[in-house]
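First up is the structure itself, then whatever we jot down about it.
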Amino acid sequence: MDQRLRVISQKQDEARRIAAVKSVPGVGEVVSSTFAAEMFRPGIFNRSEEVTAYLGPAPVVQQSGLCKGTARLRPIGQRRLRSLLIKAAWMWKQRDEWASNFYNRILSRHGVPQKAIAALARKLAALLWKLSLPAATA
């Protein structure tokens, strides 16, 4: 009986996490269930930077001395989830004014749409992680 209760509570917690993640504009069933599957234990991360480094949309900067380094996305993490986050960020930008303003601010600063959408995808990953945390720690 205890085992059945654990399974039921895990399914309910998973359903709650997926519903919370789907509340973000632009995030649908595929992104929410993939995110929940990849982030099966969101409580192991302490900061959003750890989450984005794990998932892959965090930049890595290489510089030495006076030479200004270049930033690129880390070639690690879950490739499928990273691409889904980028696609969801495009949708989020279209459906949410805050996301659109953030994208436009980064775009005006750097002039490269790919950089701006990657920055928005990082914000999205951090938001989805925060929403998927258990209610007691969120």
Original post:
Here are some conditions: (1) touching a Ser or Thr at 6+ places or on another chain (Cβ under 8 Å); (2) at pLDDT 85 or above; (3) not aliphatic (A, V, I, L, M). Residue 100 meets all but one. Which one does it not meet?
Top reply: (1)
Subject >> Top-ranked residue of segment 16-50 - restricted to ones that are part of a helix (DSSP H, G or I) and hydroxyl-bearing (Ser, Thr, Tyr), ranked as farthest from residue 85 (Cα to Cα) >> reply: 48
Original post:
For segment 98-118, what are the residues that are of a type in the set (A, V, I, L, M), in a helix (DSSP H, G or I) and farther than 30 Å from residue 13 by Cβ?
Top reply: 106, 107, 116, 117, 118
Original post:
Taking the stated definitions as given, is residue 37 closer than 14 Å to residue 127 by Cα, modelled with pLDDT of 70 or more, in contact with a helix residue (DSSP H, G or I) (Cβ under 9 Å, 6 or more places away or on another chain) and exposed (fewer than 14 other Cβ atoms within 10 Å of the Cβ)?
Top reply: no
Original post:
Any residue in segment 89-97 that is surrounded by fewer than 20 Cβ atoms within 10 Å (Cβ to Cβ), in a helix (DSSP H, G or I) and free of Cβ contacts under 8 Å to residues at least 40 places away in the same chain?
Top reply: yes
Original post:
Does residue 56 satisfy being over 24 Å from residue 94 (Cα atoms), small (Gly, Ala, Ser), buried (at least 19 other Cβ atoms within 10 Å of the Cβ) and modelled with pLDDT under 80?
Top reply: no
Original post:
Of the residues in segment 14-34, how many are surrounded by fewer than 16 Cβ atoms within 10 Å (Cβ to Cβ) and of a type in the set (A, V, I, L, M)?
Top reply: 3
**OP:** Select, from 136, 121, the only residue that is among the aliphatic types (A, V, I, L, M) and either part of a helix (DSSP H, G or I) or modelled with pLDDT of 90 or more (or both).
**Re:** 121
Subject >> Matching residues in segment 67-97 - criterion: being at pLDDT below 85 and over 19 Å from residue 53 (Cβ atoms) >> reply: 67, 68
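The values are calculated or read from the model by the stated rules, or taken from the named source; none is laboratory data. Quick caveat, the model's predicted, so the values are computed rather than measured. Cβ coordinates were reconstructed from backbone atoms using ideal geometry, including for glycine residues, and neighbour counts include every protein chain displayed.
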